[in-house]
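Notes for the one structure printed next.
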Amino acid sequence: MDKKLHFLAKIKELPIYEDAKKENVDDYWFLGDIFGPGPDVQTVWNKLLDINPSIRIRGNLEDFLVNSFFKNSELSNSIETIENYVIEHLDNLADVCKVVEKWPLHFEKGINGVKIGLSHNLPDDNRGDSLSVRAESINLSKLFEKKRRNLDIAIFAHIHHPTMRYIDLNCLNNNAFSYDYTKSDERLILNVGSIGLPFDKPMHLYKEKRAEYLLLEVGNKGDINLQFKRIRYDISREFENALKFKLPFREQYIHHFKV
């Protein structure tokens, strides 16, 4: 049977969930970064539990929270400030940290013959800028290394930019001069964007449609159909909460939404 999958980068508003239900989504996959830098903490966690994604990937913000709570490593002053805010506004903190600490960095899943790899960033590294929109194919090929070599699609979230891109594992230097296309080995790479804090520059064209998610349909014969969706929500309430709850770096946070 056809499968519709809804990928979440950051869960901020229920209109996203309502839209996905209208699309008759079968499954939800969460690709990391549930806490910070926004003002809502417990509410966001409760929404994740309500949606109950079958796959939950650990992002760098989950690691920051765990490291801050358990004092596993030193964090920068700015990150520590944000994590202190999260800690102060999260119920059952110890239990939540124990849960998210066990989330994997990556997960591989097969659907109707299509092999899909899921990660927040790289399969073994959930932070850094190596997979940005400026990344060379050689960097993106790391999504298909070792046991992931047989993947058809790699999906990640970290860069907050909705992305669809192909790479050829047999031509990673971007030099197609006199290339033998019969030897091509193309793979599809997708980024889900961000529900909570999109970074893509054309946002001024979308006005209040800031919440981004990826809707992916895998047909019963392995055919792929995808749609990058943008959903409108009340950003002013986000700003009000940032001020009301004295969110750290709130001016900078609000500035990210300006168009």
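The values are calculated or read from the model by the stated rules, or taken from the named source; none is laboratory data. This is a predicted model, so every value here is computed, not measured. Quick reminder, even Gly has a Cβ in these numbers, built from the backbone with ideal geometry, and neighbours come from all protein chains shown. Heads up: the accessible areas ignore ligands, DNA and RNA and are worked out on the full protein's heavy atoms, side chains in. Shrake-Rupley method; radii C 1.70, N 1.55, O 1.52, S 1.80 Å.
Work out how much length Thr81 to Phe245 would gain on full extension: take 0.36 nm times their residue separation and subtract the Cα-Cα distance, in nm to one decimal.
57.6 nm
Relative contact order (percent) for the chain, with alpha-carbon contacts under 8 angstrom and 6 or more residues of separation?
Contact order relative to length: 21 percent.
Using mean Cβ contacts within 10 Å as the protection proxy, how do 184-191, 220-227 order, highest first?
184-191, 220-227
Excluding ligands, DNA and RNA, what is the solvent-accessible area per residue of the chain at a probe of 1.4 Å, expressed in Å²?
On the way: 12880 Å² over 259 residues.
For the chain, the per-residue accessible area is 50 Å².
Between their Cα atoms, which of Lys98/Lys244; Lys71/Lys201; Lys21/Lys142; Lys47/Lys246 are more than 25 Å away from each other?
Result: Lys98/Lys244; Lys71/Lys201; Lys21/Lys142 exceed 25 Å.
How would you order 104-112, 244-252 from highest to lowest mean count of nearby Cβ atoms within 10 Å? Can you show the working numbers first?
Numbers: 104-112: 16.2, 244-252: 14.4.
My ranking of the peptides, most packed first, is 104-112, 244-252.
Taking the structure as given and computing Rg/Rh (Cα atoms, Kirkwood Rh), which label from (i) 0.97; (ii) 0.93; (iii) 1.00 fits?
(i)
With the cut-off at 1.5 for a/c, could you classify segment 1-153 from its C-alpha gyration tensor as rounded, prolate or oblate?
Oblate is the answer for segment 1-153, as a/c is 1.5 or above yet b/c matches or exceeds a/b.
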